[in-house]
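Comments concern the structure below.
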Amino acid sequence: MSLLLGAVADDYTGASDLANTFTKAGLRTLQTIGVPEPGLDLPDVDAVVVALKSRSIPAQEAVALSLEAARWLRARGAGHVLFKVCSTFDSTDAGNIGPVTDALRAELCAGDPRPVIVTPAFPETGRTVYLGHLFVGPLLLSDSPLKDHPLNPMHDSSLVRVLRRQSEGEVGLVDLASVEAGADAVRARLADLAKAGTGAAIADAVFDRHLDVLGEVALEAPLSTGASGLGLGLARTLVRAGRSAGSAVALPPDVGGPAAILAGSCSAATLAQIVEAEKSLPVLRLEAEALVTNASAAVGEALSWARERLAHGPVLIAASGTPDQVAALQARHGRAEAGHAIEQASAALAQGLVEAGVRRLVVAGGETSGAVVDRLGLSAFLLGPEIAPGVPALASVGAGPDMRLALKSGNFGGVDFFTRALDLVR
Ligand code: ADP
């Protein structure tokens, strides 16, 4: 089986977002955590998204990891590789978008003079690019909250300039007039830029239809760089061309058995979801202080509580606290220390629940989910139907236990998220 599309994503949540976008567009999609093991037994899928954590690491390391991921994808037949970056183009003058794009171009596009199409546009989420300038909603990037980002402060809205400062080659522009005029006009513009020796071209896109034009042209080359918007354009092009089944994705057969929910997010949405779940399930609210100072005893007690109840139905265990409780705990132990300790306790709980037979697991919290996935040794997921916008049901594939999961970023989902998730995580 040969892949239609591969993606190398520079962070985990961006990878999930892209994999979910592919799935909704009709591609059967697998997401891997890190570069997959060489022997991963790939199920019948159209697209694979490799999730790296390479956005803010030294450029040379990001290049090495991205090349390894791209080689894996190419070896599985991927005809096109999307380097997935943030829709706010998070990067610095040292990288990593430019250096990785340069390196992937040298690897994948040898002998192909066309510049790589680069666009973080995703109009549906308010990211538009006009004359190479990125807008976040109504604001120029440099006026948006991204100007104060702790790792990648964005002070220049001209992506042509931003990318030029971190690229070896020249950076050009595919302007909106060309994109609006259609695929042939974009091809002509790229041909002109190629003659001038341009290595990469920022592409304008203001409306959704522009993503389709860019996706169509990008797919004719081995490489593109962009956010989930460009991913959508690529996926729709494949589905329109009848190259993917384009049908709803079904997860592998249900695993059944006991189910549990772990909440480590302290977001307002998750707190309300826990209160709602209390109406229909047993809920254990953990003592956060004990999780930091005496984790193994606290985890052991919580697991005994769960074991007594799992045979009768799903249970929910929550570390989550209100903003006041979180602030008090952080004041006592430090922000990073408290967060890390509770993430590790959540991971230990997940491990204990799996040892107790749980194969259906719902986790609330981005960092919490990362800690749980790492601890359980899970290496890849097949994406199923959406439980809530941005939160798909998942089936594990490859290393680790055979599980059905939902991994939710804190603020996602309606108040009844947990019961909806249990219906789809089967
Ligand atoms: P979100 O997706 O809402 O940001 P995360 O899991 O990414 O959720 O982050 C929540 C953080 O809060 C984690 O580091 C978690 O360990 C920590 N945490 C969970 N419960 C508490 C608590 N009661 N007090 C302080 N920190 C907590």
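All of the numbers you see were taken from the coordinates with simple rules; none came from a lab. If you're wondering where the values come from, they're calculated on a predicted model, not measured in any experiment. Quick reminder, even Gly has a Cβ in these numbers, built from the backbone with ideal geometry, and neighbours come from all protein chains shown.
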How would 12, 130 line up from fewest to most surrounding beta-carbon atoms within 10 angstrom? 130, 12
Across 20 Å bins beginning at 0, the whole-percent shares of Cα-Cα pair distances in the chain come to 27, 53, 19, 1
Distance in nm between pseudo-label sites at residue 330 and residue 177 (7 Å out along the Cβ direction from Cα): 5.0 nm
Give me the extension gain from residue 209 to residue 131: residue separation times 0.36 nm, minus the current Cα-Cα distance, reported in nm with one decimal. 26.4 nm
³J(HN,Hα) across segment 219-233 via Karplus (A = 6.51, B = -1.76, C = 1.60, θ = phi - 60°), whole Hz, x for Gly/Pro? 5, 6, 10, x, 9, 9, 10, x, 9, 5, x, 5, x, 5, x
Please say if segment 5-240 is rounded, prolate or oblate, where rounded means a/c under 1.5 for a ≥ b ≥ c the square roots of the C-alpha gyration tensor eigenvalues, and otherwise the choice is prolate for a/b larger than b/c and oblate otherwise? rounded
Cα gyration tensor of segment 259-424, axes a ≥ b ≥ c as square roots of the eigenvalues: rounded (a/c below 1.5), prolate (a/b > b/c) or oblate? rounded
With n ≥ 4 as the cut-off for DSSP H runs, can you work out [θ] at 222 nm for the chain, using -39500 (n - 2.57) per run divided by the number of residues, rounded to the nearest 500? -12500 deg cm²/dmol
For the chain, find the longest principal axis of its Cα atoms and tell me its angle to the long axis of helix 323-333, 0 to 90°, nearest 10. 90 degrees
Compute the distance from the alpha-carbon center of segment 1-56 to that of segment 176-242, in whole Å. 21 Å
Residue among 203, 336, 328 with the largest mean-square fluctuation in a Gaussian network model of the chain, springs linking Cα atoms under 10 Å: 336
Spin-label model distance (nm) - residue 294 vs residue 241, 7 Å beyond Cα toward Cβ: 6.3 nm
Return one quarter of the surface area of the convex hull spanned by the alpha-carbon atoms of segment 27-154, equal to its mean projected area, in nm². 9.1 nm²
For 317, 202, ascending order of other Cβ atoms within 10 Å (fewest first) is 317, 202
Size of charge dipole - segment 258-366 - debye, nearest 20, with Cβ of Lys, Arg +1 and Asp, Glu -1, no other charges: 260 debye
Rounded tilt (10° steps) of 335-355 against the dominant C-alpha axis of the chain: 70 degrees
Rounded to the nearest 0.05, what FRET efficiency is calculated for residue 279 and residue 195 with R0 set to 51 Å and r the Cβ-Cβ distance? 0.15
Each residue of segment 129-137 in order: what ³J(HN,Hα) in whole Hz does its phi give by Karplus 6.51 cos²θ - 1.76 cosθ + 1.60, θ = phi - 60°, with x for Gly and Pro? 10, 10, 6, x, 9, 8, 10, 10, x
Cβ charges +1 (Lys, Arg) and -1 (Asp, Glu), total dipole of segment 50-118, debye: 280 debye
Please report 293, 225 as a ranked list, fewest other C-beta atoms within 10 angstrom at the top and most at the bottom. 293, 225
Contour minus end-to-end for residue 305 and residue 56, with contour as 0.36 nm per residue of separation and end-to-end as the Cα-Cα distance? 85.6 nm
Burial order of peptide ranges 66-77, 341-352, 133-144 (average beta-carbon count within 10 Å, highest first): 341-352, 66-77, 133-144
